[in-house]
1. With the checklist (1) more than 16 Å from Thr417 (Cα to Cα); (2) open to solvent by 10 Å² or more (accessible area, probe 1.4 Å); (3) among the aliphatic types (A, V, I, L, M) in hand, flag the one item Ile503 doesn't pass.
2. Among the acidic types (Asp, Glu) and modelled with pLDDT of 70 or more: does that describe Asp80?
3. Quick one: Gly333 ticks every box in (1) open to solvent by 40 Å² or more (accessible area, probe 1.4 Å); (2) at negative phi bar one, so which box is it?
4. Pro449 is checked against (1) at pLDDT below 85; (2) assigned to a loop (DSSP other than H, G, I, E, B); (3) in contact with a strand residue (DSSP E or B) (Cβ under 9 Å, 6 or more places away or on another chain) and fails just one. What number does that condition carry?
5. Only one of (1) more than 30 Å from Arg506 (Cβ to Cβ); (2) modelled with pLDDT under 75; (3) surrounded by fewer than 18 Cβ atoms within 10 Å (Cβ to Cβ) fails for Glu92. Which number is that?
6. Out of (1) surrounded by fewer than 19 Cβ atoms within 10 Å (Cβ to Cβ); (2) within 25 Å of the chain's Cα centre (by Cα), the odd one out for Arg439 is which?
7. Anything in segment 208-234 that is modelled with pLDDT of 85 or more and among the aromatic types (Phe, Trp, Tyr)? List them, or say none.
8. I'm trying to understand the selection: among the residues of segment 462-512, which are under 30 Å from Ala235 (Cβ atoms) and in a loop (DSSP other than H, G, I, E, B)?
Amino acid sequence: MSDHSRSLPDRPNLRYLKNEAKRRLRSGEFTTLHEAQLTVAREHGAPSWAALKRLVEDRAVPPRRHASRQLRWIAARFADADAPAWNAPAEEELREHVHERLLEAMPPEELLPRLMKLAPRLHGPGTSALSLVEDTPHPRPGPARLRRPGGGRAAAGGRRTHSAAPAGGVPRPPRRRDRRPAADRTGHPYRGGTSPPVAVEVAEEVFAEFGLPGLALASAGPRDTAWALARGWAALEDPSEPLTTRHRFPAGCVTTLVTATAVLRLVADGRVGLDDPADRHLHTVRLADPAVTVRELLSHTGGVDTPPAWLADRVPDPTALFGRVIPCGGPRGRYADSDAGYFALGLLVENLTGSPFPQAATDLVLRPLGMADSCFPDHWPARADADTVTGYAAFEDGTLISRHRVSTMPAAGGLWTTAPDLVRFGLSWSTLLPGELARQALTPQAALPGTGHTGLGWELDRTADTAGHTGHLPGASAALAVRLRDGRVHATLTNRSTPLEPINGRLLRALP
């Protein structure tokens, strides 16, 4: 083990330093990756791996920002495209802001009408402003704020916010004073648990590696103390808001685990049978194939067609997509992810309970499990009204754009939750069901693409010994994983659209 100090080059490469730590681990110099990374950090004059990464980030050269410049031009140039006196940009102006390859594939006479259709979404009553956030290399977040041209303020830590809000826009309502204990406000673990150092290291790594605005992690085993931690920001726009473990995120398709548990509770009560034709319990909407069963809807094997996601989250009433008959064009018995199938299950729950699905799911699942911070909002909650995150999508150059759409199918993707609440669900959902029914939920029903299988709502990976689900919406991603051999549960939530399987896998492998 080397004990001498080395200086960082002018342009240090974090990937090289990671590979160096892994190489020294493989050589037998260390027994854990954590030890190897700590030694590499100390050899370069940093007290920890996280501190070394901050040093590297501070010296990084900011990348060129193409997407943010182009999007701001579109927002400004086309904001009044529906006004009578507006003049469309000539081809020469377009070529200044649009890549020639795009113009070759889509000439101005095709491109301009598409850009003009954005006008209603860029301004006007009832619409939210388009926001772009440049995720530039930044020092460790602190209280300092940066001024931006025009008198605006950038988010703490060097994240600049650019708004394409129209003049005279509605001001942000006043923020509530946060009266929670300091431990909750700063994202410290809940229930007195201490976040394992390896979890903190993984959180630091993936937060920087994946370019996340905010990251919330929580974990617990059946017989040990739960912990949770938060890293980053609930919102980057001014005023920026540090993320805590009490912030709610959209859970996307992780919602289907709650929906499946609600249906299985009704099965346990004898109000519906797993192998009943679902149509028997549907009143306002029917399935095109009346033979599809409740079990098949739960396991996505009923051949139920799903509308494209870009369409489904824009239509206030999903029945407008289908009429009164939900199409069933796929082969039964084979897995095909179907939001429409879970939309039908939500209607089934409503019909059997006499309550709207959000209320029924709360009564059947959320309240019995103590998930007091989870809910089913019908719109993206305002930051001033609740501890909720702002959602972001990212471009290849690191530019983030805020996204604020919620699922219009509550039973398929409408849950908002916290990382601790998601862990509570993963630990205790089976206590709501008879043992045999809980075992059926984790029994393979059909093969998933790859090596996994689908259960009744759950996705099963026997090679990784896990059950769980992931969910993605414009502006957020969520994942829940249960390690089957010991029941350890891990939840990951972020306010950016990105795959979370690598993060969950990395943490589950690191935890004992």
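The values are calculated or read from the model by the stated rules, or taken from the named source; none is laboratory data. Remember, it's a predicted structure, so these values are computed and weren't measured experimentally. Neighbour counts run over all protein chains shown; Cβ positions are idealised from the backbone, glycine included. Please note that ligands, DNA and RNA were not included when accessible areas were found on the heavy atoms of the full protein model with its side chains. Shrake-Rupley method; radii C 1.70, N 1.55, O 1.52, S 1.80 Å.
1. Of the numbered conditions (1) more than 16 Å from Thr417 (Cα to Cα); (2) open to solvent by 10 Å² or more (accessible area, probe 1.4 Å); (3) among the aliphatic types (A, V, I, L, M), the odd one out for Ile503 is (2).
2. yes
3. Only one criterion is unmet by Gly333, namely (2).
4. (3)
5. Condition (2) is where Glu92 drops out.
6. Evaluating Arg439 over (1) surrounded by fewer than 19 Cβ atoms within 10 Å (Cβ to Cβ); (2) within 25 Å of the chain's Cα centre (by Cα) leaves (2) as the failure.
7. Residues satisfying the conditions are Trp227, Trp233.
8. Selection gives Pro474, Gly475, Asn495, Ser497, Thr498, Pro499, Leu500, Leu511.
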